[in-house]
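Remarks on the structure that follows.
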Amino acid sequence: MVPAEVDVAIVGFGPTGATLANACGRLGLRTLVYERSHAPYPLPRACHLDAEIARVFQDLGFEPELASLVTPSAGMEYVGPGATHLFSFEGFEREQLLGWPEDLVFIQPDIDRMLRRGVDRYPTVEVHLGAAAPPVTAVPARFVVACDGAGSDVRRELGVPQRDLGFDEEWLVVDVMLRRPVPLPRIIQQVCDPARLATFVPSHGPHRRWELRINEGDDPGDLARPERVWSLLAPWGVGPDDAELVRAVPYRFHAVVAERWRAGRVFLAGDAAHQMPPFMGQGLCSGVRDAVNLAWKLAAVVRGEAGQALLDTYETERRPHAEAVIELSIQAGRLLGQLAAALAAGRPLPLPEPSVPDPTRWSRLPGLNLGGRFPIGHLVPQPWVSGRRLDELLGDGWAVVARVEVPTPAGVPLVLCPNATYGHEAVLVRPDRYIAGVADPEGFTALPLPR
């Protein structure tokens, strides 16, 4: 045991750690952050977030700044050689159920700087830049959250093994900043070319990204040379006169999950807990979800409002969701190769079954099972209420959203919003905006507050 000088210590100040630091600061937790670097990583890495994550950043007070840092994504399609359209993966034109466009692109250093600046608002948060964390046993905090990335020192110190989910491929990631307009696709393309699989992302502002499969026999170092990179981009009509080459780096795309996400007072979050291939753009999103799920639970325990058992629900709720997203990312990546092989052999294409786009596809929490009745485990919608977003009225804690006046648990605010209850008389909303209970007129007295 060590002196609990602060409530929460966070190891790592990337998007997951910085989101958690902002959330802890907003909840008034005494928080200490350790970060080896002095400044955010300067190159673009993640470049996609969804409506739920935009909503999280909105809740943390970043809406005015965020609006200028993101661009709605116009869609995603699978194409063959020569950009021949094969199919669209999903429909992107749909109702903004959560208050934001369903898919957004961004330049990560911009988001990192936004999140780091946000922590300055909270006197209870102390950030140590250029400082490695001490051994976990010596960290002076009641709870420790390791947000220190895929190579997590804390995870290794705890001796937590990782489970391989069976995806391991080497790709070249290329980022450029356009100097002038170039007629590139306006939507994300998954390129099923037998000669070389690729992903193209039209990102925010002048940023464009290619992820190019490194084939057997390729020299990754040679492929990353500027001359080779420009030759790979030449078929796209992009050359050194058109764009600045920001990064060309071989990456190994992994799919792994830590066997345990909690060891006593220590928790793993973000890439320290799970890694996934990038084909669905959910890596950063999953880390932010971890941070939001954990923050309110830590606050409840620190304040004496809940017992330690509440913290065990972090893994039971987040792991199934993260693993489902990883599996979908793996399927999307494998489909690239399956389609390319079919095209090369002249076989029928193994197209996925057509389905109706699900506007809540990331907004389900499989581990939240408080009766299993829809919409328990789904995010509450976020419509506008009298000129304000619903979340502005919900506050930081539990809330009841109802069609009409209903009794509520003691101290829990009531917000009237008939179009946010999925047709029920009332829904009980957790601090992370997930629905924990529903109520209808039959026998309704008050919604219980789960602990």
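The values are calculated or read from the model by the stated rules, or taken from the named source; none is laboratory data. The structure presented is a predicted model; accordingly, all values stated were derived computationally and were not measured. Cβ: placed from backbone, ideal geometry, glycine included. Neighbour counts: every protein chain shown. For the accessible areas, the whole protein counts, side chains as well, though only heavy atoms, and no ligand, DNA or RNA atoms are used. Shrake-Rupley method; radii C 1.70, N 1.55, O 1.52, S 1.80 Å.
Considering Cα pairs under 8 angstrom that are at least six residues apart, work out the relative contact order of the stretch 159-288 and quote it in whole percent.
Relative contact order comes out at 33 percent.
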**Q.** For the stretch 281-338 versus the stretch 3-46, the gap between their alpha-carbon centres in whole angstrom
**A.** 17 Å
Q) What are the radius of gyration and Dmax of the stretch 26-118, computed over its Cα atoms and given in Å? A) 16.7, 56
Q. When ranked by the protection proxy of mean other Cβ atoms within 10 Å per residue, highest first, what sequence do the peptides 281-293, 318-330 form?
A. 281-293, 318-330
Q: Please give the FRET efficiency for LEU393 paired with VAL249, using the beta carbon to beta carbon distance and R0 = 51 Å, rounded to the nearest 0.05.
A: 0.70
(Q) At a 10 angstrom cut-off on C-beta neighbours, averaged per residue, how do the peptides 174-186, 99-111, 55-67 rank from highest to lowest? (A) 99-111, 55-67, 174-186
Q: Label the stretch 1-40 by shape, choosing from rounded, prolate and oblate, from the square roots a ≥ b ≥ c of the eigenvalues of the Cα gyration tensor; if a/c is under 1.5 it is rounded, and otherwise prolate applies when a/b is larger than b/c, oblate when it is not.
A: oblate
Q | Whole-number percent relative contact order across the chain, with pairs defined as alpha carbons under 8 Å at least 6 apart | A | 17 percent
(Q) Compute the orientation-averaged projected area for the stretch 137-271 from the convex hull of its Cα atoms and round it to one decimal in nm². (A) 11.1 nm²
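Quick check: at a probe of 1.4 Å, how many percent of the accessible area of the chain sits on carbon and sulfur atoms?
Working: 9900 of 18290 Å².
Within the chain, the accessible surface is 54 percent carbon and sulfur.
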(Q) Taking 37 °C and 0.692 mPa s as the conditions, I'd like the Stokes-Einstein D for the stretch 19-75 in µm²/s, using the Kirkwood hydrodynamic radius from alpha carbon pairs. (A) 241 µm²/s
Q. Given the rule -39500 (n - 2.57) for each run of at least 4 DSSP H residues, summed and divided by the residues of the chain, what is its mean residue ellipticity at 222 nm, to the nearest 500 deg cm²/dmol?
A. -8000 deg cm²/dmol
Q: Please list, in chain and number order, the residues 5+ apart from LEU165 or on another chain whose amide H is under 5 Å from its amide H, with Hs placed from the backbone.
A: ALA255, VAL256, VAL257
Q: Roll a 1.4 Å probe over the protein chains and send me the accessible area per residue for the chain in Å².
A: 41 Å²
Q) Going out from 0 in 20 Å bins, what whole percent of all Cα-Cα distances in the chain drops into each bin? A) 24, 55, 20, 1
**Q.** Label point distance in nm, VAL404-GLU65, each placed 7 Å from Cα along Cα→Cβ
**A.** 4.5 nm
Q) Roughly how much of ILE187 is accessible, in Å² to the nearest 10, using a 1.4 Å probe? A) 40 Å²
